[in-house]
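A.B. asks: Let me begin by handing over the structure; questions about it come next.
None of the figures in this text is laboratory data; all of them are computed from the coordinates on show. Nothing here was measured: the structure is a model prediction, and the numbers come from that model. Reconstructed Cβ throughout: ideal geometry from the backbone, glycine too, with neighbour counts over all protein chains shown.
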Number of protein chains: 2
Amino acid sequence: MAVQPGPPARDVFVPHAFPENQIDLGEIVLNYAEVGAPDRPALLLLPEQTGSWWSYEPAMRLLAEHFHVFAVDLRGQGRSTWTPRRYSLDNFGNDLVRFIALAIGRPVVVAGCSSGGVLAAWLSAYAMPGQIRGAVCEDAPLFSSELTPAHGTGVRQGAGPAFELYRDHLGDQWSVGDWAGMVEAARRSPHRMVRLFDMSDQPPQSLKEYDPEWGRAFFEGTAGVNCPHDRMLAQVKTPILITHHAHSTDPETGEEIGALSDLQADRAQAIIREAGVPVDYRSFPDAAHAMHTTEPARYTDVLTAWAATLPPAAG
Amino acid sequence: MAVQPGPPARDVFVPHAFPENQIDLGEIVLNYAEVGAPDRPALLLLPEQTGSWWSYEPAMRLLAEHFHVFAVDLRGQGRSTWTPRRYSLDNFGNDLVRFIALAIGRPVVVAGCSSGGVLAAWLSAYAMPGQIRGAVCEDAPLFSSELTPAHGTGVRQGAGPAFELYRDHLGDQWSVGDWAGMVEAARRSPHRMVRLFDMSDQPPQSLKEYDPEWGRAFFEGTAGVNCPHDRMLAQVKTPILITHHAHSTDPETGEEIGALSDLQADRAQAIIREAGVPVDYRSFPDAAHAMHTTEPARYTDVLTAWAATLPPAAG
């Protein structure tokens with residue numbers, strides 16, 4: 001399979017309930033959907049690594065009653081630009097800084113799932129002054145998505161082996177595209193975490209819209225090499241909500257199944273507290289990784305109740 | 001020597017001719033000097049890696065007749081914040097995107113020397129739409145400051161061995177601080193490029209103001225791992241001026257002495273031309289690396305004449 005061009009040339013997309021818009025941020029054109037009245041508080045939603053903005057579609061219907069909601073495709077996701085060799089937390093994050101400045105134009109609550117949740121913390125730490133009111137880290141792989149984390153096990157003992165399969169069988173920009181070979185290799189993988197990834201006979205819709213180089217950048221550690229989580233968490237400047245979903249430890253191998261371990265969630269909270277910032281922790285041991293998709297009403301309740309505790313936006 | 005705190009707690013600074021200001025960009029507080037009438041075209045000056053804004057001091061007196069001039073300390077330079085483990089081209093560049101948005105507020109001509117010249121090209125490629133009118137790369141190590149460049153030799157055959165000495169003898173945030181040992185090691189180095197670095201008995205003023213972790217990030221390649229120069233140059237969006245100063249090739253070892261080779265300067269121009277952007281090249285074989293410091297009048301003439309050829313700023 002030849003290297004696929006970036007969106008919008010790829011013909012892989014499907015219709016959605018909310019209209020999509022695009023904005024030129026300089027390096028990328030970012031695709032997003034917007035819903036809710038502009039006089040409500042602004043909310044920015046960041047999908048999980050292999051998702052697109054529309055993983056929030058069911059939740060957006062409910063959140064629109066409370067917020068002016070923006071849900072985005074990050075670079076390499078959905079209809080946003082693919083940026084070969086430039087997938088990093090700092091580049092994802094600075095795209096969002098620009099998006100908030102140019103498209104939203106006022107302070108936001110930011111909520112992200114998985115890698116998007118790491119980026120919510122990133123924005124709390126590193127956005128421009130006054131852009132962020134609070135950040136929700138929905139089952140975010142704090143420490144556990146790093147190659148050499150300060151606390152606990154790293155990406156190669158977590159989601160990394162799945163990303164390694166993407167790298168080898170799908171390739172940067174789908175340059176390999178051997179889906180069947182990947183599914184076969186996944187069956188033989190000794191890593192239980194690989195079983196949590198969708199390995200159906202055909203690529204799921206969200207993965208069709210995804211640049212597999214994202215996964216390689218996490219497996220190889222380049223995505224986060226200049227953004228150690230311990231430093232990032234020590235620099236957050238707004239209240240943080242950490243939600244922690246279903247997770248367990250394989251008693252035989254010690255493999256941590258889930259987004260992050262109890263130890264890692266504890267260390268994250270301790271560092272944030274030390275930074276002098278309020279941090280809330282909610283454990284949902286029965287919830288799927290992307291609760292916002294599987295239980296949109298529960299997710300909306302959690303997010304809305306927490307956001308109501310934030311100080312009002314300045315200005 | 002204990003790890004030194006970031007500015008302004010370090011007591012290493014000296015007075016300068018122009019007043020300094022600071023601005024909070026979110027992650028860092030950036031230090032800068034400003035001179036010239038606000039009704040003149042805006043000019044942003046970026047120092048070389050081991051410099052501070054005041055390496056432009058002599059040139060600023062002359063440039064002020066033509067421009068509203070801003071000269072900055074990048075993160076890790078001068079009085080700007082030190083950011084351990086976060087020195088990368090993309091982070092330096094996005095600091096400047098914010099500075100242009102928050103402090104300058106209109107389109108600029110950007111001119112940088114050495115690493116600052118690489119960042120001038122970065123801004124042409126990756127700044128927010130409309131921020132940059134043109135970029136001057138003053139003797140910038142295009143390709144040659146990368147660990148694994150697309151063209152020619154890389155940083156470990158260029159300035160890298162000097163940065164390796166900084167890493168081992170000065171340490172991140174001056175945590176080692178063994179200046180005398182470094183000077184001694186430099187005398188024994190087989191690399192001719194090391195002789196171009198100031199190895200006096202005492203650290204020069206600009207180096208006292210510099211976080212040696214900058215050098216480590218270039219020696220180890222993390223500074224540019226997510227910003228390959230071939231991709232960056234293919235994405236520039238404004239006219240570019242490349243100046244190329246004294247350089248030569250050691251006939252015995254093949255070592256390239258200088259910021260970049262003729263091959264690398266040629267490839268940079270070819271890629272920029274292919275991107276559909278005007279590129280000018282000026283060779284100054286008798287000029288020092290930082291012509292803006294050693295020959296401020298000549299530098300001012302070159303920059304001013306080229307900037308006069310740019311289309312006027314929009315809006």
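A.B. asks: Among A:Val176, A:Val108, A:Val136, whose mean-square fluctuation peaks in a Gaussian network model of chain A (Cα, cutoff 10 Å)?
C.D. replies: Looking only at A:Val176, A:Val108, A:Val136, the biggest GNM fluctuation is shown by A:Val176.
A.B. asks: Given label points at 7 Å from Cα along Cα→Cβ, what nm distances, shortest first, separate B:Gln22 from the same residue in every other copy?
C.D. replies: 4.3
A.B. asks: Contour minus end-to-end for A:Ser175 and A:Ala275, with contour as 0.36 nm per residue of separation and end-to-end as the Cα-Cα distance?
C.D. replies: My answer for the length gained is 31.7 nm.
A.B. asks: Report the label-to-label distance for A:His16 and B:Ala37 in nanometres (one decimal), using points 7 Å from each Cα along the Cα→Cβ vector.
C.D. replies: 5.1
A.B. asks: Please give the charge dipole size of segment B:201-281, origin at the Cα centre, charges +1 on K and R Cβ atoms and -1 on D and E Cβ atoms. Round to the nearest 20 debye.
C.D. replies: In total the dipole reaches around 500 debye.
A.B. asks: Using just the C-alpha positions of segment B:1-156 as equal point scatterers, what log10 of I(q)/I(0) does the Debye formula give at each q in 0.12, 0.18 1/Å?
C.D. replies: -0.50, -1.11
A.B. asks: Using only Cα atoms, locate the centre of segment B:250-271 and the centre of segment A:80-105, then give the distance between them in Å, rounded to an integer.
C.D. replies: After rounding, the separation between the Cα centres reads 34 Å.
A.B. asks: Related question: Largest first and to the nearest Å, give the Cα extent of segment A:120-237 along each principal axis.
C.D. replies: Here the Cα extents, ordered largest to smallest, are 47, 28, 22 Å.
A.B. asks: Would you please classify the overall shape of segment B:259-315 from the alpha carbon gyration tensor, given that a ≥ b ≥ c denote the square roots of the eigenvalues, rounded means a/c under 1.5, and beyond that prolate means a/b larger than b/c while oblate covers the rest?
C.D. replies: Cα axes put segment B:259-315 in the oblate bin.
A.B. asks: Below 8 Å between Cα atoms, with a sequence gap of 6+, how large is the relative contact order for segment B:52-138 in percent?
C.D. replies: It comes to 22 percent, rounded to a whole number.
A.B. asks: Here is a follow-up. I need to check one value: relative contact order of segment B:160-315, counting alpha carbon pairs closer than 8 Å and at least 6 residues apart, in percent.
C.D. replies: Relative CO of segment B:160-315 lands at 20 percent.
A.B. asks: If Rh is defined by the Kirkwood formula over all Cα pairs and Rg also comes from Cα, what ratio Rg/Rh do you get for segment A:27-110?
C.D. replies: Rg/Rh: 0.96.
A.B. asks: Next up: For A:Ser88, A:Ser206, B:Ser144, which order do you get if you count the other beta carbons within 10 Å of each Cβ and list the fewest first?
C.D. replies: So the residues, fewest neighbours to most, are A:Ser206, A:Ser88, B:Ser144.
A.B. asks: May I ask what percent, to the nearest 5, of DSSP beta bridges between residues of chain A are antiparallel?
C.D. replies: So the antiparallel bridges in chain A amount to around 30 percent.
A.B. asks: Set the Förster distance to 25 Å, then compute FRET efficiency between A:Asp286 and A:Leu310 from the Cβ-Cβ distance, nearest 0.05.
C.D. replies: Efficiency for this residue pair is about 0.40.
A.B. asks: Given R₀ = 60 Å, FRET efficiency for A:Gln202-B:Ser189 by Cβ-Cβ distance, to 0.05?
C.D. replies: It comes to 0.55.
A.B. asks: Quick one: Debye curve from the alpha-carbon atoms of the protein assembly as shown only, equal weights, vacuum; give me log10 I(q)/I(0) at q = 0.06 Å⁻¹ to two decimals.
C.D. replies: Normalising to I(0) and taking log10 leaves -0.32.
A.B. asks: So for chain B, averaging the separation of alpha carbon pairs under 8 Å that are six or more residues apart and normalising by length, what relative contact order in percent results?
C.D. replies: Once normalised by length, the contact order is 20 percent.
A.B. asks: May I pose another question? Counting DSSP beta bridges with both partners in the protein assembly as shown, what percentage is antiparallel, nearest 5?
C.D. replies: 30
A.B. asks: Where the centroid of each part is defined by its Cα atoms, how far is segment A:178-234 from segment B:115-176 in Å?
C.D. replies: Taking the Cα centre of each part, segment A:178-234 and segment B:115-176 sit 31 Å apart.
A.B. asks: What number results when the radius of gyration of chain A, computed over Cα atoms, is divided by 2.2 N^0.38 Å?
C.D. replies: Taking N as the residue count of chain A, the ratio is 0.93.
A.B. asks: Gaussian network model of chain A, Cα springs within a sub-10 Å range: biggest mean-square fluctuation belongs to which of A:Thr81, A:Thr253, A:Thr304?
C.D. replies: Among A:Thr81, A:Thr253, A:Thr304, the largest mean-square fluctuation in the Gaussian network model of chain A belongs to A:Thr253.
A.B. asks: Here's another thing I want to ask about it. How big is D, in µm² s⁻¹, for segment B:173-284 by Stokes-Einstein at 37 °C and 0.692 mPa s if Rh is the Kirkwood radius over C-alpha pairs?
C.D. replies: Roughly 194 µm²/s, to the nearest whole number.
A.B. asks: Right, next: How many Å³ per residue does the convex hull of the Cα positions in segment B:71-148 occupy?
C.D. replies: Expressed per residue, the convex hull around the Cα atoms of segment B:71-148 is 95 Å³.
A.B. asks: I need the inter-copy label distances for A:Asp201: point set 7 Å along Cα to C-beta, values in nm with one decimal, smallest first.
C.D. replies: Result for A:Asp201, in nm, nearest copy first: 8.2.
A.B. asks: Measuring nothing but label to label, 7 Å from Cα along Cα→Cβ, what are B:Leu147's distances to the other copies in nm, shortest first?
C.D. replies: When each copy's label point is compared with this one, the spacings are 0.7 nm.
A.B. asks: With a 10 Å Cβ neighbour count serving as the proxy for reagent exposure, in which order, fewest first, do B:Lys237, B:Lys208 appear?
C.D. replies: The fewest-first ordering by Cβ neighbours comes to B:Lys208, B:Lys237.
A.B. asks: Add -39500 (n - 2.57) for each DSSP H run of 4 or more in the protein assembly as shown, then divide by its residues: what number comes out at 222 nm, to the nearest 500 deg cm²/dmol?
C.D. replies: So the helix-based figure for the protein assembly as shown works out to -8000 deg cm²/dmol.
A.B. asks: Here is a follow-up. Go ahead and set up a Gaussian network model of chain B, Cα springs under 10 Å, then flag whichever of B:Glu48, B:Glu220, B:Glu146 fluctuates most.
C.D. replies: Largest GNM mean-square fluctuation: B:Glu220.
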